[in-house]
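Undergrad: Below is a structure I'd like to ask you about.
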Amino acid sequence: MRAAFVGLGAMGQHMARNLHRAGMLSAVWNRSADKARKLASELKVAAPATLEQLAAGVDAVVSCVSADADVLEVTRALAPGFRSGALMLDCSTIGAETARQAAALLEPRGVEFLDCPVSGGVEGARDAKLAIMAGGTTAGFELARPLLEALGGTIAHFGPTGAGQAAKATNQIMCAGIIEAVAEAMAFARAQGLPLEKLIDTLGKGAGSSWYFVHRAPNMVRGAYPAGFRVRLHAKDLTICHDMAARFGVALPVVERMLAEYIELIARGFGDEDISATYRLKAELFERTNIMRAPARDA
């Protein structure tokens, strides 16, 4: 199967490389053309000037872009180039309704659209261990399976178009609660003067551990938050969750609290930091009381 990749951001570059390793990548495209040309030159694949040209030369397009409007813009631009029977797999995190709109744009051309949002962060993208949640027809999912298996370690079909995004929204709500708890716990531990590296090593093997705690609590110890999953992007995802819940007349307390904290971080210039930067706000709770202690040294 000849595939193209659209959107060469922090995760997209790794995903494109994994398709290349699987022998399926034929072309790449990115809004900033220089980035596409550089990767295309390295991998010895094409970098067409337009999305229509990109779609015309492949059997499937995989996309990973930032926002709902981007997905619709990319889909409209790809549509004229697709042949009947082609596939589009969108790995962006968007609203379920947007996924259905994108599918409707391609249906008249006989193109299968699957919403395939992913979880696992930059590490999962790099190591081809992403969890992939798909929505679309069963036939389309089976056609897409070789591509999905090249990108992820856990692949599940949740139902019709939009179901993948509903599953991803569920994941993002869970992440919000975990982020909140880990940041709060680490600020509490620091205030107690505990040796934080030893704490991470010990609690990382306990019942309260999680991928997020093991991989992101060290950021909090160092006070450095290099972009893994950016604050502004999780804020965008939680806004989607907020809107989906609002259709039921429901407000989700964890989502609302996390959004408020993200809005503050973004306003203070931290929107492009990793979501572990939430620790900044939790640490300040203790600093305002003047009881924050220096962490104890490991014995």
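The values are calculated or read from the model by the stated rules, or taken from the named source; none is laboratory data. What you see is a predicted model, and the numbers here were worked out from it, not measured in a lab. Note: ideal-geometry Cβ built from the backbone for every residue, glycine included; neighbour counts use all protein chains shown.
Undergrad: State yes or no: is ALA217 in a helix (DSSP H, G or I) and outside the structural domain of MET24 (by TED's automatic domain parsing)?
TA: Considered against the rule, which asks whether it is in a helix (DSSP H, G or I) and outside the structural domain of MET24 (by TED's automatic domain parsing), ALA217 comes out as yes.
Undergrad: Residue pairs, Cβ under 9 Å, 6 or more apart or interchain, first in the range 97-116 and without any contact (Cβ under 8 Å) to a residue 24 or more places away in the chain and in the same structural domain as ARG145 (by TED's automatic domain parsing), second of a type in the set (Ser, Thr, Tyr) and assigned to a loop (DSSP other than H, G, I, E, B). List them.
TA: Sorted first by the residue in the range 97-116, then by its partner, the pairs are ALA104/THR161.
Undergrad: Would you say ALA150 is of a type in the set (Gly, Ala, Ser), in contact (Cβ under 8 Å) with a residue 60 or more places away in the chain, within 18 Å of TYR212 (Cβ to Cβ) and not in a strand (DSSP E or B)?
TA: no
Undergrad: Select, from LEU39, LEU54, LEU19, LEU78, the only residue that is under 21 Å from ALA144 (Cα atoms), assigned by TED's automatic domain parsing to the domain that holds ALA139, in a helix (DSSP H, G or I) and out of contact with any Phe, Trp or Tyr (no Cβ under 8 Å at 6 or more places or on another chain).
TA: Being under 21 Å from ALA144 (Cα atoms), assigned by TED's automatic domain parsing to the domain that holds ALA139, in a helix (DSSP H, G or I) and out of contact with any Phe, Trp or Tyr (no Cβ under 8 Å at 6 or more places or on another chain) holds for just one of LEU39, LEU54, LEU19, LEU78, which is LEU78.
Undergrad: Keeping to the range 211-226, report how many residues are at pLDDT 95 or above, surrounded by 14 or more Cβ atoms within 10 Å (Cβ to Cβ) and within 23 Å of the chain's Cα centre (by Cα).
TA: The qualifying residues number 8.
The rows are residues; the columns are (1) assigned by TED's automatic domain parsing to the domain that holds ALA227; (2) of a type in the set (A, V, I, L, M, F, W, C); (3) within 17 Å of ARG230 (Cα to Cα).
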site	(1), (2), (3)
ALA245	yes, yes, no
VAL250	yes, yes, no
VAL254	yes, yes, no
ARG257	yes, no, no
LEU265	yes, yes, yes
PHE270	yes, yes, yes
ILE275	yes, yes, yes
TYR279	yes, no, yes
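Undergrad: Continuing with the same structure: Hey, does the range 179-187 have a residue that's within 29 Å of VAL71 (Cα to Cα), surrounded by fewer than 16 Cβ atoms within 10 Å (Cβ to Cβ) and of a type outside the set (Phe, Trp, Tyr)?
TA: There is no residue in the range 179-187 that is within 29 Å of VAL71 (Cα to Cα), surrounded by fewer than 16 Cβ atoms within 10 Å (Cβ to Cβ) and of a type outside the set (Phe, Trp, Tyr).
Undergrad: Failed condition for SER32, given (1) within 27 Å of GLU273 (Cα to Cα); (2) of a type in the set (S, T, N, Q); (3) in contact with a helix residue (DSSP H, G or I) (Cβ under 7 Å, 6 or more places away or on another chain), with all others met?
TA: The single condition SER32 does not satisfy is (3).
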